[in-house]
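Report on the structure given below.
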Amino acid sequence: MATIFSKIISGEIPCYKIAEDERYFAFLDINPVAPGHTLVVPKREVSYLFDLTDEEYVGLELFAKRVAEGLREAMPCKRIGEAVIGLEVPHAHIHLIPINTERDMDFSNKQSLPGEQMASICARIKEAVDKKLGA
Ligand code: AMP
């Protein structure tokens, strides 16, 4: 059965999409630990990040780097934190999170932001990331 992220990638389930290319896809986490919390996933459905081929793994990180550059411009912060958990959704993904303190990476502090705020954050990040990806 397709994972929820495969359904997002195919458009079956809606998301706040940030960017995509032929192999990778980025969208806002529905329950961000900080505003702008973004997930970057390979389109190929692989459960565990470290089961990706070396080439896919490096490609995913390079794509995540472009997304992180745009994210940092759109959501001013000290750093973009990166995390890998994968206990909830069995489809490899990287969390990118705008952070100012260590506490901004607290995964026990998931939020639910109003749709309007998610949409406006998404538009801001998408514009900045499009520039980085030359889209
Ligand atoms: P984990 O697998 O533990 O890395 O966590 C999966 C992440 O996916 C969580 O932070 C969820 O909030 C996020 N998530 C689950 N379903 C969706 C969805 N439909 N759209 C966006 N993010 C989601």
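Quick rundown of the values:
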{"item": "ARG79 long-range amide H proximity, modeled H, under 5 Å", "result": "ILE99"}
{"item": "Probe 1.4 Å, all protein chains present, accessible-area order of SER108, SER120, largest first", "result": "SER108, SER120"}
{"item": "Gained length - ARG44 relative to ASN100, 0.36 nm times residue gap less alpha-carbon distance", "result": "16.9 nm"}
{"item": "Built amide H within the under 5 Å cut-off of ILE18, gap 5+", "result": "ALA26, PHE27, LEU28"}
{"item": "Nearest-0.05 FRET efficiency for ALA83 and ALA119, computed from C-beta distance (R0 25 Å)", "result": "0.55"}
{"item": "Degrees, to the nearest 10: 54-74 long Cα axis against longest axis of the chain", "result": "20 degrees"}
{"item": "Exposure of LYS126 as accessible area (Å², to 10), given a probe of 1.4 Å and all protein chains", "result": "80 Å²"}
{"item": "For the range 1-60, fraction of C-alpha pairs farther apart than 20 Å, in %", "result": "26 percent"}
{"item": "Dmax and Rg, reported as Rg then Dmax, of the chain (C-alpha, Å)", "result": "13.7, 39"}
{"item": "Percent RCO, i.e. relative contact order, over the chain, from Cα pairs under 8 Å lying at least 6 residues apart", "result": "31 percent"}
{"item": "Above-threshold pairs, the threshold being 23 Å between Cα atoms, out of LYS110/LYS132; LYS78/LYS132; LYS7/LYS131; LYS43/LYS126; LYS43/LYS78", "result": "LYS110/LYS132; LYS7/LYS131; LYS43/LYS78"}
{"item": "Residue-averaged 222 nm ellipticity for the chain, from DSSP H runs of 4+ at -39500 (n - 2.57), nearest 500", "result": "-11500 deg cm²/dmol"}
{"item": "Per DSSP, loop chymotrypsin sites (Phe, Trp or Tyr not before Pro) in the range 44-135 with at most 14 further Cβ within 10 Å", "result": "TYR48, PHE107"}
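The values are calculated or read from the model by the stated rules, or taken from the named source; none is laboratory data. Every value quoted in this text rests on a predicted model; they were computed, and no experiment measured them. Cβ atoms come from the backbone with ideal geometry, glycine included; neighbour counts cover every protein chain shown. These area figures cover heavy atoms from the full protein model, side chains too; ligands, DNA and RNA do not enter into them. Shrake-Rupley method; radii C 1.70, N 1.55, O 1.52, S 1.80 Å.
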